[in-house]
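The numbers here are math on the coordinates, done by the rules we state, and not lab data. For clarity, every value in this text was computed on a predicted model and none was experimentally measured. For neighbour counting, all protein chains shown are included, and Cβ atoms are generated from backbone atoms with ideal geometry for every residue, glycine included.
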Amino acid sequence: MMEAYNNPSFKEILNNSSLSIPDGKPLEIVGKLKGCSGISRLFGPTLMEKFIDWGRKDGVKHFFIGSSHATLDLMKAVISQKYPGAQVCGAVSPPFLPVNEWPNETYIQMINQEKPDFIWVGLGAPKQEAWMSNHCPSINYGYMVGIGAGFDYLAGNTKHAPKWMKNASLEWLYRLVQEPRRLWKRYFLTIPPFIVLASIDIIRSRFHTK
């Protein structure tokens, strides 16, 4: 949300997507305070696992792009053990280069050749949304879903926060403890301004009169 607030092009990508879900508990809280009583947080990694599980009986095919070769191998092993019969038709670990230097045409050809039902894109925001937006017209099969750190969760590299921390909107703190060097700056630059801006927005929505 903060990236979209600061980046108009990213905001446009989100607004033009087929579906955007409230992945974080704070978005659920803000939504309810603004009158959306039916809003509920839907954790991306859980969504991915449910789709992998539910799709087994129908032969649903999954393609993964993002993360490292080691993480993808771990994730595929977990899927094979936890969800026997789930179909993983392809997985790509992009190089550590700018996105425009990736062999994207090759990736698109692989996806179209395998004809997946779901293409899980774990590149992190805003990179994954930009990649999906740019290449959606060239992909002939499947729905693309940006999943952030979903691969790391399923592979076991990142642990799920306890339920009480999730309910208390403290999952960010649990992740920060696991990856302080990578996440401290991101959280420092996003959480305080989000609280301020969301509070202003809630107050305006509650006291706005026509």
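May I ask you to compute the full-extension gain from residue 42 to residue 115, defined as 0.36 nm times their residue separation minus their alpha-carbon distance, rounded to one decimal in nm?
Details: separation 73, 0.36 × 73 = 26.28 nm, distance 2.67 nm.
Gain on extension, residue 42 to residue 115, equals 23.6 nm.
Against the empirical curve 2.2 N^0.38 Å, the C-alpha radius of gyration of the range 86-163 lands at a ratio of 1.15. Charges were assigned to the Cβ only: +1 to each Lys and Arg, -1 to each Asp and Glu. The resulting dipole of the range 65-160 about its Cα centre is roughly 260 debye. Taking 114, 12, 129 in turn, the Gaussian network model of the chain (Cα-Cα springs below 10 Å) assigns the largest fluctuation to 12. For residue 102 and residue 56, the FRET efficiency from 1/(1 + (r/R0)^6), where r spans their Cβ atoms and R0 equals 30 Å, is about 0.45. Highest GNM mean-square fluctuation among 127, 115, 34, for the chain modelled with Cα contacts below 10 Å: 34.
Remark: the range 21-85 is approximated by an ellipsoid whose semi-axes, taken from the C-alpha gyration tensor as √(5λ), come to 31, 15, 9 Å, largest first. Across all Cα atoms of the chain, the radius of gyration (one decimal) and Dmax (whole number) stand at 18.2, 57 Å.
When the charge dipole of the chain is built from unit charges on Cβ atoms (+1 for Lys and Arg, -1 for Asp and Glu) and taken about the Cα centre, the candidate among 194, 83, 121 whose Cα reaches farthest toward its positive end is 194.
So if I place +1 on the C-beta of Lys and Arg and -1 on the C-beta of Asp and Glu, and nothing else carries charge, what would the dipole magnitude of the chain be about its Cα centre? I want it in debye, nearest 20.
Values: 24 positive and 17 negative charges, 177 e Å.
Taking the Cα centre of the chain as origin, the dipole is about 840 debye.
Placing a label point 7 Å from the Cα of residue 183 along the Cα-to-Cβ direction, the residues of the range 123-148 whose backbone N falls under 17 Å of that point are 123-126, 147-148. Mean sequence separation of contacting Cα pairs (under 8 Å, at least six apart), scaled by the length of the chain, corresponds to a relative contact order of 22 percent.
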